1. Does any residue of the range 168-184 turn out to be of a type in the set (A, V, I, L, M, F, W, C) and within 18 Å of the chain's Cα centre (by Cα)?
2. Only one of these is farther than 21 Å from Glu132 by Cβ, free of Cβ contacts under 8 Å to residues at least 60 places away in the same chain, touching a Lys or Arg at 6+ places or on another chain (Cβ under 8 Å) and among the charged types (D, E, K, R): Asp167, Asp208, Asp185, Asp176. Name it.
3. Test Ala214 against the stated conditions and say whether it is surrounded by fewer than 17 Cβ atoms within 10 Å (Cβ to Cβ), touching a residue at least 40 places away in the same chain (Cβ under 8 Å) and of a type in the set (Gly, Ala, Ser).
4. Strands (runs of 3 or more DSSP E) wholly in the range 1-101 with at least 3 residues that are within 14 Å of the chain's Cα centre (by Cα), buried (at least 16 other Cβ atoms within 10 Å of the Cβ) and touching a residue at least 24 places away in the same chain (Cβ under 8 Å) - which ones?
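Readers should treat all values here as calculations from the given coordinates under stated rules, not as data from a laboratory. Keep in mind that this is a model prediction, so the values were computed, not measured. Because the Cβ atoms are built from the backbone with ideal geometry, glycine has one as well, and the counts that use them run over all protein chains shown.
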Amino acid sequence: MKKIDVGKKILSANEKYARQNRQLLAEHKIMCLNMISSPGSGKTTILTRTIKELKSKIKIGVIEGDIQTDIDARRIKATGAPAIQINTYGACHLSAAQVSEALAKLPVKEMDLVFIENVGNLICPSAFELGENYKIVVLSVPEGDDKPAKYPAIFAKSKVLLINKIDLLKTPSQVDFDIERVKADARKLNKGIEIFPVSAKTGARFDDWCHWLAKLVKNLRCD
């Protein structure tokens with residue numbers, strides 16, 4: 001009886017599309033960031049504020065991944081940025097094939113930066129390459145400070161950790177979150193990870209994140 005490793009077969013097929021996506025993006029010198037987090041961490045709010053802050057400097061497009069609905073895609077489109085919705089109808093992550101179809105619908109030749117907002121999940125999306133340049137992991141204050149220790153894979157693979165909803169740290173009696181523990185645990189897994197504590201709601205400390213993004217895109221364009 002021939003043994004088939006289903007996991008390896010799925011990942012192999014996915015990698016084929018990921019390579020194609022990577023090549024397309026590289027040809028047009030487009031930066032692509034795969035944003036991953038738990039549900040409710042504030043990914044879409046981060047993206048809408050980022051688009052508004054950088055609108056005059058960077059042309060941004062978004063691929064939105066959700067189980068159902070186009071709620072988040074409509075929020076992105078309200079900023080004036082193009083957005084393509086992908087509904088997985090139960091799947092816990094986006095695939096490179098789905099991203100390939102979405103890229104075909106985006107005006108990629110006009111883009112400097114494409115964000116992929118993955119399905120809310122810290123586990124499955126970390127295993128699937130989509131053709132992105134880097135992964136971005138978002139952790140919100142209400143989720144707790146133990147997530148890098150409990151879900152190490154995504155923190156180990158990410159270029160950036162965005163710690164969102166830091167405005168809640170002004171009320172420590174209501175929120176038990178040790179930001180220094182998060183930073184230390186993340187850097188144990190990934191010495192080079194960039195860490196930006198932000199509040200997408202209030203805009204607190206958002207300039208550092210936007211400056212880093214603008215520099216990242218500029219460096220790619222100048223290569």
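1. Initial filter on the range 168-184 (of a type in the set (A, V, I, L, M, F, W, C)): 168-169, 175, 177, 179, 182, 184.
In the following step, the residues that additionally are within 18 Å of the chain's Cα centre (by Cα) were identified as none.
There is no residue in the range 168-184 that is of a type in the set (A, V, I, L, M, F, W, C) and within 18 Å of the chain's Cα centre (by Cα).
2. Asp167 is the lone residue from the list that is farther than 21 Å from Glu132 by Cβ, free of Cβ contacts under 8 Å to residues at least 60 places away in the same chain, touching a Lys or Arg at 6+ places or on another chain (Cβ under 8 Å) and among the charged types (D, E, K, R).
3. Answer is yes for this residue.
4. 31-37, 60-66
Let's see how each residue does on (1) of a type in the set (Val, Ile, Thr); (2) out of contact with any helix residue (DSSP H, G or I) (no Cβ under 8 Å at 6 or more places or on another chain); (3) surrounded by 20 or more Cβ atoms within 10 Å (Cβ to Cβ):
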{"residue": "Ala153", "(1), (2), (3)": "no, no, no"}
{"residue": "Ile163", "(1), (2), (3)": "yes, no, yes"}
{"residue": "Lys170", "(1), (2), (3)": "no, yes, no"}
{"residue": "Phe177", "(1), (2), (3)": "no, no, yes"}
{"residue": "Ala184", "(1), (2), (3)": "no, yes, no"}
{"residue": "Ala204", "(1), (2), (3)": "no, no, no"}
{"residue": "Leu220", "(1), (2), (3)": "no, yes, no"}
